[in-house]
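S.K.: Input: one structure, supplied below.
The values are calculated or read from the model by the stated rules, or taken from the named source; none is laboratory data. All values reported here derive from a predicted model rather than from experimental measurement. Every residue, glycine as well, gets a Cβ built from its backbone with ideal geometry; the counts of neighbours run over all protein chains shown. Remember, those area values only see protein heavy atoms, side chains included, never the ligands or the DNA or RNA. Shrake-Rupley method; radii C 1.70, N 1.55, O 1.52, S 1.80 Å.
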Amino acid sequence: MFEALPEPKADAILSLMAAFRADTRTDKLDLGAGIYKDSQAKTPVMRAIKTAEKKLADTQDTKAYVSPTGSVPFCHAMIEQVFGRDADTSRIRAAQSVGGSGALRVLAELMKQGRPEANMWVSDPSWPNHVPLLKASGYQLYRYAYYDAASGQVNLDGMLASLSKAKEGDIVVLHGCCHNPTGADLTTDNWTRVIDLLEQKNLFPLVDLAYQGFGDGLEEDAAAVRMMASRLPEMVVAASCSKNLGLYRERVGAAMLVAQNDAEATRALGLLGGVIRANYSMPPDHGANATEIVLSDAALNADWRQELEAMRTRMIALRQSFSDAMRKRSNSDRFDYIAQQKGMFSRLPLNTQQLDTLREQHGIYIVGDGRINVAGLPEQGMDALADALCSVMADTTAAA
Ligand SMILES: Cc1ncc(COP(=O)(O)O)c(C=O)c1O
């Protein structure tokens with residue numbers, strides 16, 4: 001059996017995290033891993049979650065199974081968070097999922113039952129794990145143009161041109177906010193044009209909402225999803241609680257669907273429950289239960305929103321000071337885009353050789369595509385970081 005298996009391919013981000021952990025230098029800097037970090041480079045349990053977990057430990061009186069689609073109150077709370085208080089919930093349903101990744105996987109399998117002939121379109125670039133996660137459902141993946149590296153903006157014309165090649169009924173994977181890995185988001189006008197095209201060509205959106213609350217705010221970051229839900233007959237959303245509730249290892253998310261009407265929504269949710277049952281039977285309970293407590297308790301909800309807002313504004317401040325330091329050291333405005341982008345990531349124009357030098361000589365860890373985790377930027381060491389980056393870029397330019 002096992003001797004016949006090929007060597008596994010290493011995951012670039014996970015390998016970099018392992019190399020960082022093994023590095024004994026005390027002044028090393030991790031800009032690689034996609035997790036939020038505070039000013040002490042820690043990823044703490046959020047205050048409201050801690051309180052909810054204590055409450056859960058004191059009051060939970062059974063560990064009996066819940067159901068393949070998870071807790072109904074959790075799903076209702078997630079629907080309200082993503083679609084808003086005033087949404088027409090008669091055609092919206094949600095299933096508790098194993099993080100955003102689990103939601104993507106089970107939604108893709110459900111769609112494969114509904115539209116087996118469709119192709120799936122993923123942004124170029126995108127979160128690398130989109131490819132294996134979505135391919136596993138049997139879909140053929142195509143890439144659509146998304147990012148203009150020279151300006152740090154979305155290449156809207158390229159995106160529309162690529163998607164105009166999709167065939168009727170194809171599925172388009174869209175980042176609802178805080179695009180990973182570029183940080184370049186569509187503006188409201190851009191979204192209107194993308195949705196016009198989806199409507200004209202009867203394309204089906206699968207929205208990945210992994211960073212709600214990290215961009216412009218909790219409500220603002222859901223605006224694109226809400227616009228799509230109000231204009232399009234059908235869509236699905238993979239929401240994650242990993243980042244905005246800091247629940248990474250607990251594996252909490254929601255697989256959500258908007259159908260044409262109540263009856264179709266109920267049928268689709270029933271089938272989604274079947275997909276879940278055939279994969280892992282039931283989602284884990286603990287993190288979703290704690291989330292449910294936080295979202296439904298007014299005081300805990302307010303405290304969570306406050307902490308999330310502090311994380312968001314901290315990342316905005318880090319973007320600004322990093323972009324200022326890069327402007328000063330590079331003597332150019334080519335890094336100004338970093339301050340304008342959204343969420344936890346931006347990309348730097350670094351090649352493999354430059355990335356190796358940064359890691360080996362400066363202890364700075366950045367993933368292979370130049371993606372940096374903005375939350376990992378050093379509040380007190382911005383000039384030194386900009387020095388290292390600019391010297392590495394200048395060295396290679398001079399050598400070229
Ligand atoms: C764009 C994107 N989608 C989905 C996920 C999945 O998140 P999780 O499965 O941890 O909830 C991530 C995590 O990094 C992500 O960056």
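S.K.: Taking the chain as a Gaussian network, Cα atoms linked when under 10 Å apart, which of ARG312, ARG21, ARG251 shows the biggest mean-square fluctuation?
M.R.: ARG21
S.K.: Tell me, what is the Rg over Rh of the stretch 1-102, with Rh the Kirkwood radius over Cα pairs?
M.R.: With Rg and the Kirkwood Rh in hand, the quotient comes to 1.09.
S.K.: Once amide H atoms are built 1.01 Å from N in the peptide plane, which residues 5 or more positions from SER346, or in another chain, come under 5 Å H to H?
M.R.: Close amide H contacts, sequence-distant or interchain: ILE372, VAL374.
S.K.: Please get the size of the charge dipole for the chain, origin at its Cα centre, with Cβ charges of +1 on Lys and Arg and -1 on Asp and Glu, quoted in debye to the nearest 20. Please list the in-between numbers first.
M.R.: Working: 42 positive and 49 negative charges, 91 e Å.
Rounded to the nearest 20 debye, it is 440 debye.
S.K.: OK, next. Hull surface divided by four, with the convex hull built on the Cα atoms of the chain: how many nm²?
M.R.: Its Cα hull, projected and averaged over all orientations, spans 21.9 nm².
S.K.: With just the Cα atoms defining each centre, how far is the stretch 77-127 from the stretch 274-296? Give it in Å.
M.R.: For the stretch 77-127 versus the stretch 274-296, the Cα centre distance is 15 Å.
S.K.: At 7 Å along Cα-to-Cβ for each site, give me the label-to-label distance between SER230 and THR62 in nm.
M.R.: Those two pseudo-labels are separated by 4.2 nm.
S.K.: A further question on this structure: Any idea what % of Cα-Cα pairs in the stretch 65-296 are farther than 22 Å?
M.R.: The proportion of pairs with Cα distances above 22 Å equals 47 percent.
S.K.: Now for a separate question. Give me the percent of DSSP beta bridges within the stretch 65-296 that run antiparallel, rounded to the nearest 5.
M.R.: Antiparallel bridges: around 45 percent, rounded to the nearest 5.
S.K.: For the chain, what is the mean residue ellipticity at 222 nm derived from helices alone (per DSSP H run of n ≥ 4: -39500 (n - 2.57); sum divided by total residues; nearest 500 deg cm²/dmol)?
M.R.: -14500 deg cm²/dmol
S.K.: Given a cut-off of under 8 Å on Cα pairs at least six residues apart, what relative contact order in percent is computed for the chain?
M.R.: Contact order relative to length: 25 percent.
S.K.: Charges on Cβ only, +1 for Lys and Arg, -1 for Asp and Glu, centred on the Cα centroid of the chain; of GLY270, THR188, MET382, which one is farthest towards the dipole's positive end?
M.R.: GLY270
S.K.: Now for a separate question. Please compute the length gained on full extension between MET282 and ARG143, using 0.36 nm multiplied by the number of residues separating them and subtracting their Cα-Cα distance.
M.R.: Working: separation 139, 0.36 × 139 = 50.04 nm, distance 3.24 nm.
Answer, rounded to one decimal: 46.8 nm.
S.K.: What residues of the stretch 80-100 lie in the reach of a label at LEU271, counting those whose backbone N is under 16 Å from a point 7 Å from the Cα along Cα→Cβ?
M.R.: 92-95
S.K.: If I model a spin label at GLU220 and ARG305 as a point 7 Å from the Cα along the Cα→Cβ vector, what separation in nanometres do I get?
M.R.: Rounded to a tenth, the inter-label distance reads 1.5 nm.
S.K.: Could you work out how far apart the two model spin labels at GLU199 and ASN261 are, taking each label as a point 7 Å from the Cα in the direction of the beta carbon, and quote it in nm?
M.R.: Going by the 7 Å Cα→Cβ label model, 2.2 nm.
S.K.: If you don't mind, another one. Taking the chain as a Gaussian network, Cα atoms linked when under 10 Å apart, which of ALA325, ALA12, ALA22 shows the biggest mean-square fluctuation?
M.R.: Comparing ALA325, ALA12, ALA22 in the GNM, the peak value goes to ALA22.
S.K.: Continuing with this model, one more query. If I build a Gaussian network model for the chain, linking alpha-carbon pairs within less than 10 angstrom, which residue out of ASP262, ASP86, ASP356 has the largest mean-square fluctuation?
M.R.: ASP86
S.K.: Indicate the gyration tensor shape class of the stretch 325-400 (rounded, prolate or oblate), computed on the Cα atoms with a ≥ b ≥ c the square roots of the eigenvalues: a/c under 1.5 is rounded; otherwise a/b larger than b/c is prolate and the rest oblate.
M.R.: Rounded, since a/c falls under 1.5.
S.K.: For Cα pairs less than 8 Å apart in space and 6+ apart in sequence, what is the mean separation divided by the residue count of the stretch 65-296, i.e. the relative contact order in percent?
M.R.: Computed over the stretch 65-296, the figure is 31 percent.
S.K.: Let me ask something additional. Please give me, ordered by residue number, the chymotrypsin sites (Phe, Trp or Tyr not before Pro) of the stretch 19-76 that lie in loop per DSSP and have at most 14 other Cβ atoms within 10 Å.
M.R.: Answer by residue number: TYR65.
S.K.: I'd like to check one number: the per residue accessible area of the stretch 65-296, probe 1.4 Å, reported in Å² as a whole number.
M.R.: Solvent-accessible surface per residue comes out at 38 Å².
S.K.: Measure out, as a whole number of angstrom, how far apart the alpha-carbon centroids of the stretch 1-75 and the stretch 170-209 sit.
M.R.: 28 Å
S.K.: On to the next question. Once phi is turned into ³J(HN,Hα) by the Karplus curve 6.51 cos²θ - 1.76 cosθ + 1.60 with θ = phi - 60°, what whole-Hz value does each residue of the stretch 371-380 show in order, with x for glycine and proline?
M.R.: After applying 6.51 cos²θ - 1.76 cosθ + 1.60, I find 6, 10, 8, 4, 5, x, 5, x, 3, 9 Hz.
S.K.: While we're here: Under a 5 Å amide H to amide H cut-off, with H placed in plane at 1.01 Å, what residues pair with TYR144 once short-range neighbours are removed?
M.R.: Here VAL122, SER123, ASP124 satisfy the definition.
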